[in-house]
Structure formats: C-alpha cells, structure tokens
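Engineer: Structure provided below as structure tokens; questions to follow.
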Amino acid sequence: MDRQEKTPRAVSGTVGALMVTIPKTFPPSSTVGEVRSLFADDHVLIASVVAANGELLTTIERSDIPAEAPDESPAVHLGRLEGRTALEYCSINRTTGWLKHQGRRRLAVVDAGGHLLGLLCLKRSGRGYCSDAGVLGRQQESDEQRAVGSARCA
C-alpha cells in the first residue's frame with residue numbers, strides 16, 4: 001500500500017494535510033553515528049527511528065545525543081515520543097499554537113496505531129509549513145553543491 005492509500009483522511013485544516021510525507025527515517029539497527037551525520041544539515045531537527053512495520057519507535061533531537069555516546073552504539077535507545085508526535089487528524093491551528101508555545105518546530109505525524117505518516121515542519125519564520133516540494137528542492141540543491149565541491153577537489 002503506498003502512502004497515498006495509507007492517508008486518504010488528510011483533511012484540510014489538519015496536521016495530516018500539511019505534513020511532509022517523505023521524512024528521512026532510520027531502522028532500529030541504526031547507530032548514533034548515523035543519526036549524528038543526519039544532523040550535519042541544519043534544516044534537520046528530528047530523526048525518526050521506525051520499525052519495519054512502520055511503527056514509530058522514537059524521535060531523536062540533537063540534544064538527546066550525549067557528547068560521550070559512541071558512534072557505534074544503537075540510536076534506538078535515545079530520544080522519546082512524548083511531546084514529539086501528533087495524530088494526523090489533529091487541528092493544525094491548535095497544533096501550531098502548541099508548537100509556538102513550546103518553542104518547537106517539528107512533530108512526527110502518526111496514525112492511531114502509532115505508524116509514522118510524515119513530519120509536521122514549521123518554518124523558521126513561524127509562518128507556514130515545509131512541503132514535500134521544498135524538501136526535495138533543498139535536497140537537490142545540496143546534492144548539486146556536493147557534486148560541484150567534489151569536482152573542485154578532483
């Protein structure tokens with residue numbers, strides 16, 4: 001079943017309608033070093049560890065990773081779900097208010113069974129949410145910059 005079939009309930013005015021549907025995820029076997037490398041991109045504020053069946057196991061923020069944690073240690077034991085998830089049918093207005101009040105910009109969006117559907121990503125300006133197109137555009141720019149950088153080093 002593809003994501004479109006999984007989320008037909010995305011109703012205007014809900015978290016599900018504004019979530020990014022292509023979040024970067026990690027399997028339970030991921031290491032602290034792999035998650036640290038994701039955070040090299042300053043746009044990334046949260047890492048999601050997801051089971052093979054799609055269940056969200058934990059969300060990890062930079063501050064969840066102790067400086068002394070070895071890169072090879074399992075990442076799945078870090079982070080938490082509490083205060084970092086929203087159900088897909090929650091009101092976007094109430095959720096936005098909560099995010100701003102808490103000083104947060106990211107929430108993992110889940111269904112009633114706890115399966116990850118996407119991420120709600122409040123823009124730095126606090127005026128609007130990131131989109132799949134915006135995420136893909138930044139990724140393409142980053143890929144192009146890396147290609148130019150590696151060509152200069154060759």
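Engineer: What value in Å³ per residue do you get for the convex hull of the alpha-carbon atoms in the range 91-137? Spell out each step's value before the answer.
Structural biologist: Details: hull volume 3.9 nm³, N = 47.
Each residue corresponds to 83 Å³ of Cα convex hull volume.
Engineer: Can you compute 3J(HN,Hα) from phi for each residue in the range 111-125, using the Karplus curve 6.51 cos²θ - 1.76 cosθ + 1.60 with θ = phi - 60°, rounded to whole Hz and x for Gly and Pro?
Structural biologist: 8, 4, x, x, 8, 5, 10, x, 10, 9, 10, 5, 5, 3, 5
Engineer: If you don't mind, another one. Collect residues whose amide H, placed 1.01 Å from N in the peptide plane, falls under 5 Å from the amide H of Val20; neighbours closer than 5 in sequence don't count.
Structural biologist: Leu119, Leu120, Cys121
Engineer: Where does the charge balance sit around Ala108 when Lys and Arg score +1, Asp and Glu -1, over other residues with C-beta under 14 Å from its C-beta? Walk me through the intermediate numbers first.
Structural biologist: Working: positive: Lys24, Arg80, Arg84, Arg104, Arg105, Arg106; negative: Glu55, Glu61, Asp64, Glu82, Glu88, Asp111.
That works out to 0.
Engineer: Hey, another quick one. In terms of the ratio Rg/(2.2 N^0.38 Å) built on C-alpha atoms, what value belongs to the range 15-107?
Structural biologist: Working: Rg = 13.7 Å, N = 93, 2.2 N^0.38 = 12.3 Å.
In units of the globular-protein estimate, the range 15-107 measures up at 1.11.
Engineer: Separate question: In the range 83-140, if the dipole is taken from +1 on Lys/Arg beta carbons and -1 on Asp/Glu beta carbons about the Cα centre, which of Leu87, Trp98, His115 is farthest to the positive end?
Structural biologist: Working it through, the farthest residue towards the positive pole turns out to be Trp98.
Engineer: I would also like to ask the following. Sort the following peptides by mean Cβ neighbour count (other Cβ atoms within 10 Å, averaged over residues), highest first: 110-119, 67-76, 80-89.
Structural biologist: The densest-packed peptide leads the list: 110-119, 80-89, 67-76.
Engineer: Suppose every K and R has +1 on its Cβ and every D and E has -1 on its Cβ; what is the size of the dipole of the range 61-119 about the Cα centre, in Debye to the nearest 20? Let's see the in-between values first.
Structural biologist: Values: 8 positive and 8 negative charges, 100 e Å.
Here the range 61-119 has a charge dipole of around 480 debye.
Engineer: By average Cβ neighbour count within 10 Å, what is the ranking of 42-51, 91-100 from highest down? Intermediate values should be presented prior to the final figure.
Structural biologist: Details: 42-51: 18.0, 91-100: 14.4.
Ranked by mean Cβ neighbours within 10 Å, highest first: 42-51, 91-100.
Each reported figure results from applying straightforward, stated rules to the coordinates on display, with no laboratory input. Computed from a predicted model, the values in this text were never measured in an experiment. Positions of Cβ are backbone-derived with ideal geometry, glycine not excepted, and every protein chain shown enters the neighbour counts.
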